[in-house]
1. How high is the relative contact order of the chain, given as a whole-number percent (alpha carbon pairs under 8 Å, six or more residues apart)?
2. Give the residue from THR57, THR440, HIS413 lying farthest towards the positive end of the charge dipole for the chain; charges sit on Cβ (+1 for Lys and Arg, -1 for Asp and Glu) and the dipole is referred to the Cα centre.
3. SER296 to LYS167: FRET efficiency via 1/(1 + (r/R0)^6), r the Cβ-Cβ distance, R0 51 Å, to the nearest 0.05?
4. Hey, what did segment 315-365 get for relative contact order, percent, Cα under 8 Å, at least 6 apart?
5. Determine, from the Cβ-Cβ distance of ILE180 and VAL324 and an R0 of 45 Å, the FRET efficiency 1/(1 + (r/R0)^6), rounded to the nearest 0.05.
6. Check each of the chymotrypsin sites (Phe, Trp or Tyr not before Pro) in segment 277-383 and keep only those in coil by DSSP with at most 14 other C-beta atoms within 10 angstrom; list them in order.
7. Pop out the ³J(HN,Hα) list for segment 305-319 in order, Karplus 6.51 cos²θ - 1.76 cosθ + 1.60 with θ = phi - 60°, rounded to Hz; leave Gly and Pro as x.
8. Within segment 83-114, list the residues whose amide N lies under 16 Å from a label point set 7 Å along Cα→Cβ of MET190.
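The values are calculated or read from the model by the stated rules, or taken from the named source; none is laboratory data. From a predicted model like this one, the values you see are computed outputs, not experimental measurements. Every residue, glycine among them, receives a Cβ derived from its backbone with ideal geometry; neighbour counts consider all protein chains shown. Heavy atoms of the whole protein, side chains included, go into the accessibility calculation; ligands, DNA and RNA do not. Shrake-Rupley method; radii C 1.70, N 1.55, O 1.52, S 1.80 Å.
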Amino acid sequence: MSFNFKKALCTLMLPVAVFALASCSAKDSQYEINNESGYTVSVKFDANGGSFGDSNTWVVSNCYNIKNLPENADGKVDIPLALPYEEKDQSFKVKKAGYDLLGWYEKRIEHKDKNGEVYYTYEGRWEFDAENYGKDTYSPDKLTVDPDKQYKSEEPVLTLYAAWIPKFEINFYDVSTNAIYSTKPINPAMGTEFTMPYWVEGEATMQLGDIPAKAGYTFKAAYVDGKNGRELLTGDSFLHSGSVNIDTGEVEGEASMNVYVEWDQEYRIYTPEQLNENYSPTAKYVLYNDLDFADSFWPDAFTTNTFSGSIDGNGHSISNVNIVYNGNSVSGFGLFGKLDETASLKDIKFDNISLTIAKGSRIPINYGVLAGTINSSAIENVEFTNSTLAIAYDISFLTQDYSIGLISGYGEHGVDYSGITCVATEGGEPKFSIELSNDTVLLDFDGGETTEESSVTENS
């Protein structure tokens, strides 16, 4: 042990069955050395069924030399007790298999349960001057002794007993797998109330509070075991099902608690960057601001992949998106490559959206400003204004197996397409003419004129 109590402390470690006056009869016993050196005031720490580190030591005595310690206003000496081990040195910390240390107590009271098993309750919890206690108003307990009294180190003026409680923990289950994904150890002495997830203004995902995260997912709900099965946790916090009376060390309820967490992919979107950062093909997005992509990019993954999640525009707009396709490896392209049957879009205004089909686009594909393909998706109150579908004036598809639409290349949608115009890009004389049949775009590469009934938009 290190002697770090301002040269006023020495530590005596006593193994099992050795703590007795008979062990001190030798002239050079540690007790005699302590007494001769002035370390006469001793405090005994009883591990109470535990041990210090991996040793056989179950009792430790801290011994103090009070001759040079100042007296208080009452003429007494106050000794701020030190633990018998340093917190930074875990190798000698007191421990007991399967238990956690609740604290050190001045009095241990023995009881027997109905089966004759012995258990203890405690009185007089001792607060030490620990730097990590974390409270500015914290005032540690102090041992007060009479400086004129004669003391012997082998006769402790105070015995402190370690109080042990079963290890408290919360097992967090993933509802989708019904398996534990995280276990959180708990010190009930620091409280058994835990924070539920909560939203913060401007953030895309919830702060999870005391719920451990699951990578790639957002929180939806949490449940605990109840009388009639799993019960939904509501409110800002929840309590552990077990509790400890810190004054007596008595435990009520179960030390182990299960919390079942249901995960989702719901995001509150305030900025274009948040939409990019939190892309998922199955996510649920709710807009809390208008999103202006003039200085940002529409997520590439949306434009070519299948989206089966939802976007609730919440009455907001998405504007100034410019996307270009010149690839050769996808089957659908637009703001979304494909909207699946479970996809949902509602209450969104798309303004100044530009989709350009560049010259390099040469494979069978469905093109649409909203989506290449719409597969019976739920689309409600979606509007386009000031938007453009542009086709490269010198495009050469080298195939007839493609479909172009103002809203969608393939699939029913019910979206008003009057806010979208179809043009050939600038740079030269188009190799085709454009004909619209409702919102379907037909390209005539034979140089023929479009019919009078067709709606044609000239080069821009």
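1. Details: 1089 pairs, mean separation 38.0, N = 460.
Relative contact order here is 8 percent.
2. THR57
3. Working: r = 49 Å, r/R0 = 0.96.
Efficiency at R0 = 51 Å is approximately 0.55.
4. Numbers: 66 pairs, mean separation 30.7, N = 51.
Answer for segment 315-365 is 60 percent.
5. Values: r = 47 Å, r/R0 = 1.05.
My answer for the efficiency is 0.45.
6. Numbers: sites: TYR279, TYR285, TYR288, PHE293, PHE297, PHE302, PHE307, TYR325, PHE333, PHE336, PHE350, TYR367; in loops: TYR279, TYR288, PHE293, PHE297.
The qualifying sites are PHE297.
7. Residue by residue, segment 305-319 yields 9, 7, 10, 10, x, 8, 10, 9, x, 6, x, 9, 10, 10, 9 Hz.
8. Flagged as within label range: 87-88, 100-103.
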